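Notes for the one structure printed next.
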Amino acid sequence: MTIGAAIFSAIAMAVTVTTPTTRGIASPILTVARAEEANPQGVLRGQLDGLTRQIDDLRAALRETRSQSRTLSQERIRLDQEILRSELSVERSGRVIQSLEEEISVLEREIGASEAEIAGQREVVAALLRAIAVSDESFLLSTIFSGGTLADLTDQFEAAARIERELLARIADLRELEAEAGERKLALEEQRTNEETARQLLVVARDDLLVKRELRLQFLAETQGREQNFANQITATEANATRIRTQLYLLADIGKALSFGEAFAVAKPISDAVGVRPAFLLAVLQKESRLGALSGTGFWRTDMHPRDWPAFLTITQELGLDPDQAPISRKPSYGWGGAMGPAQFLPATWLAYRDRVVALTGNNPPSPWNVQDAFAAAAIKLAAGGANERTPSAEWRAAMIYFAGGNWKNPAYAFYGDAVEDLSAAFQAQINILEGR
C-alpha cells in the first residue's frame, strides 16, 4: 500500500468514527423518543378537534336561536349558548398553547441534535484538510526520493483525489445540515410567535367570557325570570330610538367621538353600494377598534415593519401629513404594529384598495384616518371575502379573513368571527328600531 492510500484508509476510519450519526438512518433511541413525543401531540390534536366540533355545533345552535322569536326562555338559551361557546374557546386556546409548547420543545431538541451533528461534520472536514496537507507533502517526498514506478505515482494521484472528493462531499453535507438547522430555528421562532399570539388571544377570549357572564347576570336581574318583565324590557328598548342614535360608537384613530347614529349614516350608503349589511360592517369596525387598544400610540420608525415604510410614506406624502405625527398602532408583544385608522389597514393593504375606495367615495386621495374612506375600504375587503352573500356563515368567514387573512381557518382565531357575529346581531336589532322595523 502506498503512503497516499494508507493516509486515505486512516482518514476513512476517522470519518466513520467521528461522524455523530449516519445521515438518512434514524437512531433507535431517537425513534423511540419521537414515538413517545408523538403520542401527547396526537392526544392534544384530538382534544382540539373535539373542542372545535363543539364550538361549531354551538355556533349553529346560536344562529338557530337568533332566528326564533324573542322570548324569555329563548333569550336565556342564547346567553347560555354564548357563555358555553366562550368557555370552550378559552379551553381551546389553552390547548393550543399546550400544543405549541410541545412543538417548541421538540424543535429545540432537534436543533440541539443538529448543532451536535454540525460540530461533528466540522471536525471531519478539518481532519480531511489535514489529511490533504499530509498527502501532498508525502506525495512530493515519495516522488523525489522513492524512485517509484509510474503505477505508484498514479496510485498517489488517485488517493489524493479520493480524499478531495470525500472533503467536497462532507462540505456539502455540512452546508445541508446548516441549512436544515437554520430552517428549524426559523420554525422555532415562528412557533414562539404563534405561542405568544395564542396567549394574547386567550386573554381576549377570557375577557369576552367575563362580558358574557356579566350580561347574563344583568339580564336575569332585570327580568327576574318573568316573561312580562322581559316583554316590558323589549318595549322600553324599542321606544328609546333616540338613545340608540346617540350612544357612543368607538372607532380608532379618528380624533373625535362618533355616535351610533352617525356611524350608521356613514355605513348605510357604503354598505348598499357593495352589498354588505351595515350591522355587519359596523360590528367589524367596532371589534377592530376594541382589539386595537394600542391604536394611535405607535411611531412608524420603531413600531412598523420596515417593509411597510415606503407605502406608509407614500400615503402620508399624498395626504400632506407629517409621518411622525400620523397615528398608527403600536407594536404588541408579538409581531409588528403599523395599522392605520378605524379599519386598521396596514399601509401596503391600503394602497392595494386605494383606487376602489376613490371610486366609491370620490375622495382623492383617500385617507385611512377618514371615517368614510375607512368604512369604504373595510366594506370592499369584507365583500371580497364573501360578506355580500349576507348569510351568517358567509359573514363569519369574511370576518375571519379580514382578521387573519390566509390563516382564517385556524380555530384559535374563531373567537373573532364569533364576537363579530354576536355584535352584528345586537347592532341589527338597534338598526331595526332606528328604521322602524
- What relative contact order, as a whole-number percentage, does the stretch 322-437 give when Cα pairs under 8 Å and 6 or more residues apart are counted? 13 percent
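If I take every Cα pair under 8 Å that is 6 or more residues apart in the stretch 240-434, average their sequence separation and divide by the length, what percent do I get for the relative contact order?
Working: 324 pairs, mean separation 46.1, N = 195.
Relative CO of the stretch 240-434 lands at 24 percent.
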- FRET efficiency (residue 172, residue 108; Cβ distance; R0 22 Å; to 0.05) is 0.25
- Message: Quick check: Cα centre of the stretch 344-412 to Cα centre of the stretch 94-126, how many Å?
- Response: 40 Å
- Query: Roughly speaking, what is the stretch gain from residue 355 to residue 317, that is 0.36 nm per residue apart minus the C-alpha to C-alpha distance, in nm to one decimal?
  - Reply: 12.0 nm
- Measuring from label point to label point, each 7 Å out along Cα→Cβ, what is the residue 364 to residue 101 span in nm? 5.7 nm
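Compute, for the stretch 240-434, the length of the dipole vector about the Cα centre, with Cβ point charges of +1 (Lys, Arg) and -1 (Asp, Glu) only. Units Debye, rounded to 20.
Values: 17 positive and 16 negative charges, 46 e Å.
Computed about the Cα centre, the dipole is about 220 debye.
Where a number appears in this text, it was derived from the coordinates with a stated rule and is not lab data. Here the structure is a predicted model, which means the values were calculated and not measured. A quick note on method: Cβ atoms are made from the backbone with ideal geometry, for glycine too, and the neighbour counts reach across all protein chains shown.
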